[in-house]
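Trainee: The structure that follows is given in the form of C-alpha cells.
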Amino acid sequence: MIEARGLVKYYRSMLAVDHLSFDVRPGTVTGFLGPNGAGKSTTMRMIMGLDRPDAGQARIGGKSYGDLRWPLREVGALLDAKAFHPGRTARAHLTALAASNAIGRQRVEEVLASTGIEKAADRRAGTFSLGMSQRLGIAAALLGDPGVLLLDEPVNGLDPEGIRWIRTLLRSLAAQGRTVLVSSHLISEMAHTADALVVIGQGRLLAQTTVAQLSARGTSLEGAFFQLTEGATDYSGRL
Amino acid sequence: MNTATLGYQAAGRTRGRYGFRTVARMEWQKLRTVRSTWSIVAVFAAAMISLAVLALGHENYAQLSAAGRASFDPASNAFLGLVPSQLLLGVLGVLAITTEFSSGAIRATFAAAPRRRLVLAAKAAVLGAVTLAAGEISAFAAFSAGQAALKAPAPHATLGQPGALRAVVLAGAYPALIALIGLGIGAIIRHTAGAICALVGLVFLLPLLFAPLSPSIQNTAQKFLPDLMRNSLTAVRPVAHMLSPWPTFGLLCAYALVALAAGAWTLDRRDA
C-alpha cells in the first residue's frame, strides 16, 4: 500500500507536483500515467525519500520511507536505468546493495538469473545497452523480494521479448499480493499491464481510475487518455 | 511489516534493522570493486617509495653548509613523496562519493540506506581504513627505502630514535586525513571536477596566497594550512614556527571532521 497525501514539489519557482494525493493498492498493477514532465518521476522520488516534498507526505505500508527497517526488503525501485557506477560489474553492484540490507549472495544469483543477465554478470555495467541496464535495474529492485515495487518507465529500451517478459513479471508480482506502481507515458503499454490507473498532468491528479473504466469513457483507450490530459500537457509538438 | 499493511508476507527476516555494519559492508564492496581504487593506491605507494629514494639517494650531505647539516632531517626527507601523492588519496576520497552523484548510483545507495549521515559515516570509515592502511604501509616502506638509499657520511634515521616512529606513523596518517577531507568536499560539491579543484585549492593554492604577505603572517598561517602542517607531522628535528606534531595532527583531524560534518549536513538537506 502506497499513500500519497497532498504532495507538493517546487523546483526553484516551478511547480512540479501540485497537491497530489492517491493510493496504490496491493494485488494489482497500478499504472502511473502522464505526459512528459507531468511529475511522475518527481513523485516517485518523493515516495522513496530521495526528494523532499515542500508539503504533504508519502507513506508506504503506513511508514515514511526513512523509517523502513530493511528498505530493500520492503520496497524495490527502478528509478533510473543507469543508476550504477559504470566501472563496476553487474554482480558487484548487486552484491554491494545486498550487503546493505543483509541479503544473502544466493539471492544475487537468483535475480541475475531471473532477469536474464547472468551471462553478463561479470561485465562492467558501463558497457551495457539500455535494455541490459533496465534488466540490471529490475534485478536490483527484486533483490530484497519486496512487497512494494516502484518502476519508472521499465519498458524503455527493452526488446519485444523483454517487454513481454516484464508485463508477465509485473502481473505475477501483483498476483502474489504485492503493490506494484509502474510509470509510463504510453497508455497502450499500460493497457497490457495495469488494471488500476493514476493519471497526472502538470503535477495534478487528473484521475484515479481503472483501465476498464477509462476505456468505457471514449471510443478508444487512447482517445479517452488524450481527452483526460488535454490542457495538462507542457510539451507538445505541432502538426 | 505485516500482511495487513502490504498485502504481501515477505519471506525474509523482518527483525533488526539495517545500520552502520551493513552499510559499511556495502561501502567496502563498492570501494573494492572499482579499478580506480587500486590503481590510485598503487600509484600512491610507488610515488611515496620512489620519491624517498630519489630525495635521500641524491642527498649531498658532504657539500652541505654547517647550517644545512644542522637542519638535515633524514626522517622527514623520506616523505617528499607526500607532497604530490597526498592528492592521490584526496582524489580517491572525492571519487568515493562524486562518481555516485554523476552516475545516479547515489539514488540506489540512499534507497538501500535512507539515513544519509549513516551512509557518509560508513563511507568515511571504509575509506579511512583503506587509506590509512595504504598510508602506513607506504610510509614505513618509504622510510626504510629512503634510509637504505642515503649514503655516508650523512646521518641515518632509525625508528628507535626519539620522534622517528611518530614521524613515520603520522606521515602515513596524513594522506588518509586528506582523503577524508576530499570525501567531505565531494559530498558538498557533488561534481568530480569541482571537488578536485576545491581540494587542490585547499592543499596547494591556499599556501601560495600567503607567500606575498609579511613573514609574521606567514609564520602564523603555516601552523594552520594542511600542506604546511605536514612538515610538523613528519619532522624529527623541531621546525620553527610550527605547532608541535600531535597538536598539529589533532587540528588536521578536526579539519576532516568539519569537512565531513558539512558534507553530512548538505546531504541531509539537498535532494538526491
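Trainee: Might you let me know whether the range B:101-113 holds any residue that is closer than 30 Å to B:Arg237 by Cα, surrounded by 24 or more Cβ atoms within 10 Å (Cβ to Cβ) and either away from chain A (no Cβ under 14 Å) or more than 18 Å from the chain's Cα centre (by Cα) (or both)? Even if it seems obvious, please write down each step before you answer.
Mentor: As a first pass, look at the range B:101-113 and keep what is closer than 30 Å to B:Arg237 by Cα: none.
Within the range B:101-113, not a single residue is closer than 30 Å to B:Arg237 by Cα, surrounded by 24 or more Cβ atoms within 10 Å (Cβ to Cβ) and either away from chain A (no Cβ under 14 Å) or more than 18 Å from the chain's Cα centre (by Cα) (or both).
Trainee: Go through the residues of the range A:103-111 one by one and say whether even a single one is under 20 Å from B:Glu27 (Cα atoms), touching a Phe, Trp or Tyr at 6+ places or on another chain (Cβ under 8 Å) and surrounded by 24 or more Cβ atoms within 10 Å (Cβ to Cβ).
Mentor: no
Trainee: Restricting attention to the range B:173-192, does a residue exist that is without any contact (Cβ under 8 Å) to a residue 60 or more places away in the chain and not aliphatic (A, V, I, L, M)? Let's see the steps before the verdict.
Mentor: From the range B:173-192, those without any contact (Cβ under 8 Å) to a residue 60 or more places away in the chain are none; that's our starting set.
No, the range B:173-192 has no match at all.
Trainee: Only one of these is over 18 Å from B:Leu260 (Cα atoms) and charged (D, E, K, R): B:Glu100, B:Glu59. Name it.
Mentor: Numbers: B:Glu100 fails: over 18 Å from B:Leu260 (Cα atoms).
Criteria check complete, one pass: B:Glu59.
Yes/no matrix, rows are residues, columns are (1) closer than 21 Å to B:Cys253 by Cα; (2) modelled with pLDDT of 95 or more; (3) of a type outside the set (A, V, I, L, M):
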{"residue": "B:Ala134", "(1), (2), (3)": "yes, yes, no"}
{"residue": "B:Ser144", "(1), (2), (3)": "no, yes, yes"}
{"residue": "B:Gln147", "(1), (2), (3)": "no, yes, yes"}
{"residue": "B:Leu159", "(1), (2), (3)": "no, yes, no"}
{"residue": "B:Leu165", "(1), (2), (3)": "yes, yes, no"}
{"residue": "B:Ala171", "(1), (2), (3)": "yes, yes, no"}
{"residue": "B:Thr192", "(1), (2), (3)": "no, yes, yes"}
{"residue": "B:Pro212", "(1), (2), (3)": "no, no, yes"}
{"residue": "B:Pro215", "(1), (2), (3)": "no, no, yes"}
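Trainee: Can you tell me which residue within the range A:35-59, out of those that are within 14 Å of the chain's Cα centre (by Cα) and under 17 Å from A:Val180 (Cα atoms), is surrounded by the fewest Cβ atoms within 10 Å (Cβ to Cβ)?
Mentor: A:Ser41
Trainee: If you take the residues in the range B:207-232 that are within 29 Å of B:Ile137 (Cα to Cα) and hydrophobic (A, V, I, L, M, F, W, C), which one is surrounded by the most Cβ atoms within 10 Å (Cβ to Cβ)?
Mentor: B:Met229
Trainee: Of all the residues that make up the range A:139-165, how many are away from chain B (no Cβ under 11 Å), touching a helix residue (DSSP H, G or I) at 6+ places or on another chain (Cβ under 7 Å) and not acidic (Asp, Glu)?
Mentor: Looking only at the range A:139-165, we keep the residues that are away from chain B (no Cβ under 11 Å), and these are A:139, A:142, A:151, A:153-165.
Among the residues that remain, those that are also touching a helix residue (DSSP H, G or I) at 6+ places or on another chain (Cβ under 7 Å) are: A:139, A:142, A:151, A:154-159, A:162.
After this cut, where a residue has to be not acidic (Asp, Glu) as well, the list is A:139, A:142, A:151, A:154-158, A:162.
Of the residues in that region, 9 qualify.
Trainee: Checking the condition in contact with an Asp or Glu (Cβ under 9 Å, 6 or more places away or on another chain) and without any contact (Cβ under 8 Å) to a residue 40 or more places away in the chain, which residue from A:Ser188, A:Ser220 passes? Quick ask: steps written out before the conclusion?
Mentor: On the way: A:Ser220 fails: in contact with an Asp or Glu (Cβ under 9 Å, 6 or more places away or on another chain).
Sole residue among the options that is in contact with an Asp or Glu (Cβ under 9 Å, 6 or more places away or on another chain) and without any contact (Cβ under 8 Å) to a residue 40 or more places away in the chain: A:Ser188.
Trainee: Looking at A:Thr89, A:Thr115, which is the one that is of a type in the set (Val, Ile, Thr), at pLDDT 95 or above and farther than 24 Å from A:Thr168 by Cβ? Before the answer, list the steps.
Mentor: On the way: A:Thr115 fails: farther than 24 Å from A:Thr168 by Cβ.
That would be A:Thr89, the only listed residue that is of a type in the set (Val, Ile, Thr), at pLDDT 95 or above and farther than 24 Å from A:Thr168 by Cβ.
Trainee: If B:Leu159 meets every condition in (1) free of Cβ contacts under 8 Å to residues at least 24 places away in the same chain; (2) within 14 Å of chain A (Cβ to nearest Cβ); (3) touching a helix residue (DSSP H, G or I) at 6+ places or on another chain (Cβ under 6 Å) apart from one, which number is that one?
Mentor: The single condition B:Leu159 does not satisfy is (2).
Trainee: Additional query: Output the residue which, of all residues in the range A:115-124 that are within 14 Å of another protein chain (Cβ to nearest Cβ) and in a loop (DSSP other than H, G, I, E, B), is surrounded by the most Cβ atoms within 10 Å (Cβ to Cβ).
Mentor: Taking the range A:115-124 as the starting set, the residues that turn out to be within 14 Å of another protein chain (Cβ to nearest Cβ) are A:121-124.
Restricting the remaining residues to those that are in a loop (DSSP other than H, G, I, E, B) gives A:121-123.
Numbers: A:Ala121: 20, A:Asp122: 10, A:Arg123: 14.
For the range A:115-124, the residue satisfying everything is A:Ala121.
Trainee: Turning to a different aspect of this structure: Here are some conditions: (1) under 23 Å from A:His19 (Cα atoms); (2) buried (at least 24 other Cβ atoms within 10 Å of the Cβ). A:Leu72 meets all but one. Which one does it not meet?
Mentor: Condition (1) is where A:Leu72 drops out.
The values are calculated or read from the model by the stated rules, or taken from the named source; none is laboratory data. Given the structure is predicted, the values throughout are model-derived calculations rather than measurements. All Cβ positions, even for glycine, are placed from backbone atoms using ideal geometry, and neighbour counts span all protein chains on display.
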